[in-house]
Amino acid sequence: MTQANATIRQDAVNIGTYVRELGLSARAAARTMARAGTQEKNQALRATADLIIARRTFLKDENTRDLEVGAAKGLGGALLDRLELTDARIDAMAEGLRHIESLPDLIGEITSMKFRPSGIQVGQMRVPLGVVGIIYESRPNVTADAAGLCIKSGNAAILRGGSEAIRSNLAIAGCIARGLEESGLPESSVQVASITDRAVVGGLLTSAEHIDVIIPRGGKGLIERVSKESMIPVIKHLDGVCHVFIDEQADPGKAISIAYNAKTQRYGTCNTLETLLIAELIAPEVLPRLCGMYRQAGVELRGCAATRALCQGVGTARESDWSTEYLGPLLSIRIVTGLDEAMDHIENYGSHHTDAIVTENFSSARRFLREVDSSSVMVNVSTRLADGFEYGLGAEIGISTDKLHARGPVGLEGLTTQKYIVTGEGQIRT
């Protein structure tokens, strides 16, 4: 069964055999992808983007079926929001693929060539990782983003989305398969698992002979499972406990705009603000206005004693609130003495994902950038901008809070590695 004609499979197939077939096909495709030219890869991306737009109605119909099933199963509002394919999100998928097409092709790039005393010349060449396994939940747009990045970086991909998005994912997979076919690349370069059995995840995590790296993208439970069970290197982030610190020398207008946007622009994302920190000297001017805006937007507020004294209707923040990723309309607020206490709080309770400072003080901004140990550290911008597309990566395959092999939004470069290359004129070692 080709990916283009894939349907949901719930038959009594042997999961081990099924996963092995996926792996063998991907490994064979990876060799073709590694030597594919830029023109072929770009043609596949362009064709896929065109097909996503052309098949908009079909994609939305399949997505509606997923949403109906999800609602019947009791999925919460945040999860249903992640699952939905709106016209804007369909347009964004196509735009992301076209942006990836426009990016330079890194594969085969040679750097740092140097002559050694022996006469040999030593450098490095950028190459694909090979086969990338991506396990994700809810968001069907990840299917297009992940496929696009893997195609441009010369990798083969095995994608296993959540059962709640299976129809949407397979509909997008059909566009990808057709785009690959039109460019002369193997359809098996990007495979979307059509079996929803959770055992498929376990099979992928132990397929070290077929898969070179695993990237989980979803809730804490999924990422904890992948981290625990995988026999393959993992690129991941566990939590998105993101902070905005409003410094005493912040511009009040910027502070209010940034803090409001970081929380309310979209609730169910990993770069959404979860704890607002504010310097005590500026809090009386800024915090009551912000609290009023949050309440009007329907955000539940929990704060420290000083916050509750300034703003009526704020609940008491428990110790656990400071380290909680709410993924919904709930925000913790703490008033701090200044920059040092804010950075201590971020270190103690944060998840090293994305943290921002609002300040007009250059020295404070520099200290925050240097001392906060997160994958994205920002000055005077919303945490919602911590995103591969916004960073110019075309799209992202996930965000990593690890320090090896990639950190922050993982784009094309994060899906490649380097090997040493050596040239000479017959040198031997004596």
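The values are calculated or read from the model by the stated rules, or taken from the named source; none is laboratory data. Note that this is a predicted model, so its numbers are computed, not measured. Heads up, the Cβs are rebuilt from the backbone with ideal geometry, glycines too, and the neighbour counts pull from every protein chain shown.
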For R82, indicate whether it is surrounded by fewer than 22 Cβ atoms within 10 Å (Cβ to Cβ) and basic (K, R). no
Single condition S363 does not satisfy, out of (1) buried (at least 19 other Cβ atoms within 10 Å of the Cβ); (2) over 17 Å from L238 (Cβ atoms): (1)
Hits in region 308-347 - residues which are closer than 11 Å to H243 by Cβ and surrounded by fewer than 15 Cβ atoms within 10 Å (Cβ to Cβ): E347
Report yes if V127 is closer than 24 Å to Q191 by Cβ, touching a strand residue (DSSP E or B) at 6+ places or on another chain (Cβ under 9 Å) and surrounded by 22 or more Cβ atoms within 10 Å (Cβ to Cβ), otherwise no. no
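Of all residues in region 62-76, which are surrounded by 15 or more Cβ atoms within 10 Å (Cβ to Cβ) and not in a loop (DSSP other than H, G, I, E, B)? Before you say what the answer is, go through the steps one by one.
As a first pass, look at region 62-76 and keep what is surrounded by 15 or more Cβ atoms within 10 Å (Cβ to Cβ): 62-63, 66-67, 69-70, 75.
Once the filter is applied, which keeps residues that are surrounded by 15 or more Cβ atoms within 10 Å (Cβ to Cβ) and not in a loop (DSSP other than H, G, I, E, B), region 62-76 yields E62, N63, D66, L67, V69, G70.
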Under 9 Å between Cβ atoms, at least 6 apart or on separate chains: pull out the pairs that start in region 368-381 with a residue that is without any contact (Cβ under 8 Å) to a residue 24 or more places away in the chain and closer than 15 Å to I278 by Cα and end on any residue that is of a type in the set (S, T, N, Q) and outside any helix (DSSP H, G or I). V379/T359
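Has region 392-406 got any residue that is over 22 Å from S112 (Cα atoms), of a type in the set (D, E, K, R) and in contact with a Ser or Thr (Cβ under 6 Å, 6 or more places away or on another chain)?
Just the residues of region 392-406 that are over 22 Å from S112 (Cα atoms), to begin with: 392-403.
Next, only the ones that are of a type in the set (D, E, K, R) stay: 396, 402-403.
Filter again for in contact with a Ser or Thr (Cβ under 6 Å, 6 or more places away or on another chain), leaving none.
No, because not a single residue in region 392-406 is over 22 Å from S112 (Cα atoms), of a type in the set (D, E, K, R) and in contact with a Ser or Thr (Cβ under 6 Å, 6 or more places away or on another chain).
If we keep just the residues of region 100-115 that are in a helix (DSSP H, G or I) and touching a helix residue (DSSP H, G or I) at 6+ places or on another chain (Cβ under 7 Å), which is surrounded by the fewest Cβ atoms within 10 Å (Cβ to Cβ)? Spell out the reasoning first.
Of all residues in region 100-115, those in a helix (DSSP H, G or I) come to 100-102.
Keeping just the survivors that are touching a helix residue (DSSP H, G or I) at 6+ places or on another chain (Cβ under 7 Å) gives 100-101.
On the way: I100: 28, E101: 21.
Within region 100-115, the match that is surrounded by the fewest Cβ atoms within 10 Å (Cβ to Cβ) is E101.
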Just checking, which of V241, V226 is over 20 Å from F368 (Cβ atoms) and either crowded, with 22+ Cβ neighbours inside 10 Å or in the same structural domain as L79 (by TED's automatic domain parsing) (or both)? V226
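Based on what the data block shows, is E181 surrounded by 16 or more Cβ atoms within 10 Å (Cβ to Cβ), of a type in the set (D, E, K, R), in the same structural domain as E224 (by TED's automatic domain parsing) and more than 23 Å from the chain's Cα centre (by Cα)?
Spelling it out, E181 is indeed surrounded by 16 or more Cβ atoms within 10 Å (Cβ to Cβ), of a type in the set (D, E, K, R), in the same structural domain as E224 (by TED's automatic domain parsing) and more than 23 Å from the chain's Cα centre (by Cα).
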